[in-house]
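Enquirer: Sharing a structure, written as structure tokens. Questions coming.
The values are calculated or read from the model by the stated rules, or taken from the named source; none is laboratory data. Computed from a predicted structure; not experimentally measured. Methodologically, a virtual Cβ is constructed for each residue, glycine included, from the backbone with ideal geometry; neighbour enumeration extends over all protein chains shown. The accessibility values were calculated without ligands, DNA or RNA, using every heavy atom of the protein model including side chains. Shrake-Rupley method; radii C 1.70, N 1.55, O 1.52, S 1.80 Å.
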Protein chains: 2
Amino acid sequence: MEHKRILLTVSYDGTAYCGWQHQENGPSIQDELEKALEKALGAFTRVTGASRTDAGVHALGQRAHFDTVSAIPPEKYPFVLNRFLPEDIRVTEGMRVADGFHARFQAAGKWYTYRIHNAPHASAILRHCTAHVPVPLQVESMRACGRALLGTHDFAAFAAAGGQAKTTVRTIDAFSVEQAGEEITLRVHGDGFLYNMVRIIAGTLIDVGHGKLDTGCMARAIESKNRLDLGVTAPACGLELTRVEYAFEREG
Amino acid sequence: MEHKRILLTVSYDGTAYCGWQHQENGPSIQDELEKALEKALGAFTRVTGASRTDAGVHALGQRAHFDTVSAIPPEKYPFVLNRFLPEDIRVTEGMRVADGFHARFQAAGKWYTYRIHNAPHASAILRHCTAHVPVPLQVESMRACGRALLGTHDFAAFAAAGGQAKTTVRTIDAFSVEQAGEEITLRVHGDGFLYNMVRIIAGTLIDVGHGKLDTGCMARAIESKNRLDLGVTAPACGLELTRVEYAFEREG
């Protein structure tokens, strides 16, 4: 029996979960995937995720690897596992990777999306996948402020306590703020993110958007490395891990 | 005490409800609104909706009227009622209307949106607000077919049993199919819709999109008045009542 390492792409609505990682106080995405794998493969199988998303955070394209001796063709895993998974977790892709591959340590880039519902009253329909902000936000100020993120910087000010990163230097190479009706969407791409970093960025931009903080605050916080130069940590429900990239998927 | 008629705009995620209208077998949107009004006004208050949406159907802009002697300023109703409503129902607007005004009988136009998630695997995040179609759909065929809807026609073929309409003649004056990534969005505007009409249109377009029905089927069904010339009724969860319009809101 040949030993194989399989990489899955996993999408989930994080509303009902205590986060990606196994915890004592509630169901996690990892638990549900491991239960589904046990049913499909007949043996307990540990999965390792690319990102340990928090309670209430969603994912369109989380990635996770596991090892198996099963003969199931890798591309069949979505069909096999979705039979056993709850509706709010879907496996959308399966592929074989090298034995030494690691979903977290080898992640080369990540896209995150943060969604704001900017309207006087909360949304009945979007309540689980947006943060509601009743005060009108100035999108131009948010864009101007966020530009300071681009480049390679020490983002020490952008990390919540509890992170395990060895260095706080990260490279952000794409950032945008789009407005469509009552929805404001922030998108950010980088080589990695510190604990709560995207939610701190989003919370700061919300404060900038209604004039509580000035547009220079992010540039200042990068310089000062002081968390107090930034705004509040925005709610988990607005955040989505959109895509995790690996070197073998890059073009050119 | 002055008697006033108030018109509300109501948004809801219909997933947990048996539909707009009161029913014995489960909670309805109407029930929840009437409970909230009773708490806010101290007296049972009947609400009359513009559209009796089915179980699982959503609304961004349902409208409903009620009568009251309360001194609450009409524009304060969203704040007053949202305190008592569950999170999946939000009142977004309140205004005073003439005593003889009727939310349903005076509706002059309605926008409906039908959302399809067109991807091999269902979406964990969009599962409650889209219909999942795994087979790739040809959007151009769907557009070509749907063009036949435009105009004033006898839509007898487009009605499910159980409707109470006196005539099956309706005017559809806007129709579009947009594709963005894995999402296909149908939008339709008309002066009124028969029972299940938008879901029958959506189901037919899905069948046309994967070649099960030809692009001429809608034109033929308008002619034949035969339900069998059309496709299946698409699932409720993809449907949203987006906006209800009244003559007093029309510009010009």
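Enquirer: Would you call B:F193 under 18 Å from the mean Cα position of the chain (by Cα), aromatic (F, W, Y) and farther than 29 Å from A:L60 by Cβ?
Expert: yes
Enquirer: What's the number of the only condition in (1) small (G, A, S); (2) out of contact with any Lys or Arg (no Cβ under 7 Å at 6 or more places or on another chain); (3) buried (at least 21 other Cβ atoms within 10 Å of the Cβ) that B:S224 fails to meet?
Expert: Every listed condition holds for B:S224 apart from (3).
Enquirer: Could you list, in sequence order, the residues of region A:96-140 that are within 13 Å of another protein chain (Cβ to nearest Cβ), in a loop (DSSP other than H, G, I, E, B) and not β-branched (V, I, T)?
Expert: Listed by number, the residues that qualify are A:A119, A:P120, A:H121, A:A122, A:S123, A:A124, A:L126, A:R127, A:H128, A:C129, A:P134.
Enquirer: Another question about this same structure. Considering every residue within region A:39-56, establish whether at least one is in contact with a Gly (Cβ under 7 Å, 6 or more places away or on another chain) and among the hydrophobic types (A, V, I, L, M, F, W, C).
Expert: Yes, that holds for at least one residue.
Enquirer: Across region B:113-123, what is the number of residues that are under 19 Å from B:F175 (Cα atoms) and either without any contact (Cβ under 8 Å) to a residue 24 or more places away in the chain or open to solvent by 20 Å² or more (accessible area, probe 1.4 Å) (or both)?
Expert: Counting residues in region B:113-123 that are under 19 Å from B:F175 (Cα atoms) and either without any contact (Cβ under 8 Å) to a residue 24 or more places away in the chain or open to solvent by 20 Å² or more (accessible area, probe 1.4 Å) (or both) gives 1.
Enquirer: State which residue pairs qualify: first residue at pLDDT 95 or above and inside region A:97-110, second residue open to solvent by 60 Å² or more (accessible area, probe 1.4 Å) and charged (D, E, K, R) in any location, beta carbons under 6 Å apart, and separation of 6 or more residues or different chains.
Expert: Listed pairs, sorted by first residue: A:G109/A:D191.
Enquirer: Quick test of your reading of the structure: B:P86 fulfils all but one of (1) in contact (Cβ under 8 Å) with a residue 12 or more places away in the chain; (2) in contact with a strand residue (DSSP E or B) (Cβ under 6 Å, 6 or more places away or on another chain); (3) within 14 Å of chain A (Cβ to nearest Cβ). Name the failing condition by number.
Expert: Result: B:P86 passes all but (2).
Enquirer: Does region A:10-28 hold any residues that are in contact with a strand residue (DSSP E or B) (Cβ under 7 Å, 6 or more places away or on another chain) and more than 14 Å from chain B (Cβ to nearest Cβ), and which are they?
Expert: Across region A:10-28, the qualifying residues are A:C18, A:G19, A:S28.
Enquirer: Among the numbered conditions (1) in contact with a helix residue (DSSP H, G or I) (Cβ under 8 Å, 6 or more places away or on another chain); (2) open to solvent by less than 50 Å² (accessible area, probe 1.4 Å), tell me where A:F44 comes up short.
Expert: (2)
Enquirer: Separate question: Is it true that some residue in region A:60-79 is within 22 Å of A:C129 (Cβ to Cβ) and of a type in the set (A, V, I, L, M)?
Expert: Among the residues of region A:60-79, at least one is within 22 Å of A:C129 (Cβ to Cβ) and of a type in the set (A, V, I, L, M), which makes the answer yes.
Enquirer: Still on this structure, please answer the following. Which one of these does B:E183 not meet: (1) within 14 Å of chain A (Cβ to nearest Cβ); (2) modelled with pLDDT of 95 or more; (3) loosely packed, with under 15 Cβ neighbours inside 10 Å?
Expert: Single failed check for B:E183: (3).
Enquirer: If you check B:A50 against the conditions, is it modelled with pLDDT of 95 or more, of a type outside the set (K, R), buried (at least 18 other Cβ atoms within 10 Å of the Cβ) and over 20 Å from A:R127 (Cα atoms)?
Expert: Criteria met by B:A50.
Enquirer: Looking at A:H121, A:H117, which one is closer than 30 Å to A:G211 by Cβ and touching a Pro at 6+ places or on another chain (Cβ under 7 Å)?
Expert: Matching residue, one of A:H121, A:H117: A:H121.
Enquirer: Scan region B:33-88 for residues that are in a helix (DSSP H, G or I) and either of a type in the set (S, T, Y) or assigned by TED's automatic domain parsing to the domain that holds B:R127 (or both) and jot them down.
Expert: Correct list: B:Y77 only.
Enquirer: Examine region B:67-77 for a residue that is open to solvent by 60 Å² or more (accessible area, probe 1.4 Å), farther than 15 Å from B:E34 by Cα and within 14 Å of chain A (Cβ to nearest Cβ), and state whether such a residue exists.
Expert: yes
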